[in-house]
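This report refers to the structure that appears directly beneath it.
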Amino acid sequence: MAENYFGLTDTGKVRTNNEDTFIAQKVMGNRMALVAVIDGVGGYNGGEVAAAIAKDVFTDRLSGLQGEIIPAMIDAFKLASQQISEKKLKDKDLESMACVATMALVDVENNQFFYAHVGDTRLYLLRDNSLVKISKDHSFVGFLEDSGRLTETAAMNHPKRNEINKALGFTSQIDTDESFIETGQSPFLPGDMLLLCSDGLTDLVDKSGILDIITQNTSLQQKATELIAAANANGGRDNVTVVLAKNDKVQQRPQATMPVTSQATKNDEAGEGVQPTHHRQHVEPEIIYKAPMGPNKNLGLTLILAFLCLLFLSSTIWLFVTKQREATPLEQSGPVAEKLRNADEVKLQDAIDAFKGDTLVLSDTSFKQPIIITDTLHIDQDTLYIKVKGNITLQRDTAFNGPALAISTDSKVVVLENLKFKDFDTGINLGNTGLFLKNTQFINCKLHVQRKYNLTADKPVTADFPATRVRTDTPTQTPARPNGTR
């Protein structure tokens with residue numbers, strides 16, 4: 001039997017580091033294949049560290065497994081989550097890291113596979129040119145898609161598609177909630193194929209596109225290569241990882257057998273006999289329907305009653321399902337955790353949103369360095385002075401291309417003091433707002449400040465756009481502050 005599994009990962013077209021990893025190897029004395037896709041969460045090296053921990057734990061725990069399989073897979077997930085949490089406590093720079101993972105143990109000899117899953121990596125089963133999604137996305141958008149509230153295309157383009165509810169190392173709930181880890185067991189018949197992948201694939205290549213590639217008469221390596229190429233051709237916004245496993249035993253095609261007819265009886269009477277029926281392995285028992293002897297006066301009435309019962313049953317089921325959907329709140333998917341948002345980033349945005357005064361003082365003792373920005377921070381207040389004590393740097397996450405800070409067009413005056421911006425395409429985006437910078441640094445930023453003016457539409461406009469005076473030294477006097485500030 002040739003090698004029946006293959007894995008491949010790629011950084012993509014946007015990111016500079018790869019937080020994905022995978023497993024594709026024989027375990028348990030070569031009796032089974034262990035395949036897994038692990039997607040790190042946390043930005044920069046944090047996600048990579050979490051994914052590497054999970055990979056090592058999965059491999060060590062299941063390599064020499066003896067005994068029940070699914071409990072061992074659950075134990076491996078819990079152990080990985082525990083070790084990630086312990087690493088976060090030891091290294092504050094990694095306190096936002098976690099990972100999501102999908103794992104399968106493939107037993108080709110006995111035509112079955114076992115799986116465990118947490119997060120939004122996915123497991124698909126290909127059988128008879130039909131691709132079935134086995135795992136459920138542990139995310140708000142995934143819940144909407146699986147329940148039919150969102151189409152696949154809408155889910156792929158949803159602004160919250162990168163938010164997840166569950167991850168390893170994210171919460172201790174994994175130790176107490178039996179439903180936290182999704183597990184299962186399924187037949188894996190000759191000709192079947194498993195696809196495990198990260199959301200870097202499914203966010204950019206739809207199910208139809210995936211099916212077109214994996215049903216081609218090519219090697220597993222070629223299929224994996226083409227899947228990644230398709231994701232990159234559609235933008236490659238994220239790391240993309242795929243693992244394929246196939247039951248490469250020869251498919252057993254059942255042969256239909258003719259039911260015994262009256263001609264056979266005639267042949268028997270003539271002494272010719274009936275040729276024996278040959279059955280292939282795995283063929284379902286043959287069912288022969290014999291028509292009733294003689295007319296049945298109640299047949300018509302029986303058929304009518306059966307049809308009415310079936311109609312009543314169908315109506316009842318339809319009404320029940322409809323009521324259940326109406327009674328199911330969208331929020332039942334559980335608390336939402338942003339996949340790439342880190343704790344300091346959320347804390348900073350919350351501090352800005354909740355502040356009601358004029359001067360918000362931020363201290364570097366409350367924030368680690370740097371604060372990795374994965375989504376734009378927003379200022380909506382009419383007037384705000386942000387003053388940094390110490391050293392606070394906002395640094396762009398490698399997958400983020402937007403501005404670090406966006407100031408609402410309704411804001412009148414914003415002052416920033418002692419704040420640093422690093423590696424952003426755009427540092428600050430604002431409208432008709434008065435912006436004052438004091439000792440503010442832009443490090444390796446393509447565009448420091450971008451101003452957008454909203455003018456009266458469809459009417460002649462007379463306007464003055466004064467040039468901004470910039471001082472590169474540290475001013476000895478504080479620039480004009482918002483009214484009422486101290």
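The values are calculated or read from the model by the stated rules, or taken from the named source; none is laboratory data. Note that the coordinates shown come from a computational prediction; the quantities given were computed from them, not determined experimentally. Please note: Cβ atoms are built from the backbone with ideal geometry, for glycine as well, and neighbour counts cover all protein chains shown.
Selection of region 413-451 for residues being without any contact (Cβ under 8 Å) to a residue 24 or more places away in the chain and not in a strand (DSSP E or B) yields Asn432, Asn444, Lys446.
Scanning region 361-405 for residues that are under 17 Å from Phe421 (Cβ atoms) and hydroxyl-bearing (Ser, Thr, Tyr) yields Thr374, Thr376, Thr393, Thr398.
I need the full set of residues from region 183-210 which are acidic (Asp, Glu) and either surrounded by fewer than 19 Cβ atoms within 10 Å (Cβ to Cβ) or out of contact with any strand residue (DSSP E or B) (no Cβ under 8 Å at 6 or more places or on another chain) (or both), in order please. Selection gives Asp203, Asp206.
Let's see how each residue does on (1) out of contact with any helix residue (DSSP H, G or I) (no Cβ under 7 Å at 6 or more places or on another chain); (2) of a type in the set (Gly, Ala, Ser); (3) closer than 30 Å to Asn110 by Cα:
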position	(1), (2), (3)
Asn157	yes, no, no
Asn162	yes, no, no
Gln173	yes, no, no
Thr176	yes, no, no
Thr183	no, no, yes
Gly209	no, yes, no
Thr218	yes, no, yes
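Selection over region 50-93 of residues that are more than 24 Å from Thr176 (Cβ to Cβ) and surrounded by 21 or more Cβ atoms within 10 Å (Cβ to Cβ) gives a count of 1.
Kindly state which strands (runs of 3 or more DSSP E) lie completely within region 2-100 and contain at least 1 residues that are under 26 Å from Asp238 (Cα atoms) and touching a Gly at 6+ places or on another chain (Cβ under 6 Å). Break it down stepwise before answering.
Values: elements: 5-10, 20-27, 32-41.
Counting at least 1 such residues, we get 20-27, 32-41.
When region 9-60 is filtered for residues that are among the hydroxyl-bearing types (Ser, Thr, Tyr) and in contact (Cβ under 8 Å) with a residue 60 or more places away in the chain, the ones remaining, listed by number, are Thr9, Thr11, Thr16, Thr21, Tyr44. Restricting attention to region 175-231 and to residues that are of a type in the set (Val, Ile, Thr), under 20 Å from the mean Cα position of the chain (by Cα) and not in a helix (DSSP H, G or I), the residue that is farthest from Ser81 (Cα to Cα) turns out to be Val205. Of all residues being surrounded by fewer than 19 Cβ atoms within 10 Å (Cβ to Cβ) and of a type outside the set (Gly, Ala, Ser) in region 28-42, which is nearest to Val118 (Cα to Cα)? Just the residue, please. Result: Met28.
Only residues that are within 22 Å of Val413 (Cα to Cα) and either modelled with pLDDT under 85 or out of contact with any Phe, Trp or Tyr (no Cβ under 9 Å at 6 or more places or on another chain) (or both) were counted across region 364-380, and they come to 4.
Asn110 falls short on exactly one of the conditions (1) within 18 Å of the chain's Cα centre (by Cα); (2) farther than 17 Å from Thr171 by Cα, and that condition is (1).
Give all pairs with beta carbons closer than 8 Å in which a residue from region 151-166 that is more than 19 Å from Ser96 (Cβ to Cβ) meets a residue that is part of a loop (DSSP other than H, G, I, E, B) and of a type in the set (Asp, Glu); count only pairs at least 6 apart in sequence or on separate chains. Every condition considered, the pairs that remain are Glu152/Asp206; Thr153/Asp206; Met156/Asp203; Met156/Asp206; Arg161/Asp203.
A quick yes/no check of all residues on (1) hydroxyl-bearing (Ser, Thr, Tyr); (2) part of a loop (DSSP other than H, G, I, E, B); (3) modelled with pLDDT of 95 or more; (4) in contact with a strand residue (DSSP E or B) (Cβ under 8 Å, 6 or more places away or on another chain):
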position: Tyr115; (1), (2), (3), (4): yes, no, yes, yes
position: Leu125; (1), (2), (3), (4): no, no, yes, yes
position: Asp137; (1), (2), (3), (4): no, yes, no, yes
position: Val141; (1), (2), (3), (4): no, no, no, yes
position: Glu145; (1), (2), (3), (4): no, no, no, no
position: Gly148; (1), (2), (3), (4): no, yes, no, no
position: Lys166; (1), (2), (3), (4): no, yes, no, yes
position: Phe170; (1), (2), (3), (4): no, yes, no, yes
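If you filter region 118-131 down to residues that are of a type outside the set (S, T, N, Q) and closer than 20 Å to Asn247 by Cβ, you find that the one that is farthest from the chain's Cα centre (by Cα) is Asp128. Residue selection: Ile213 satisfies the criterion of being surrounded by fewer than 23 Cβ atoms within 10 Å (Cβ to Cβ) and hydrophobic (A, V, I, L, M, F, W, C).
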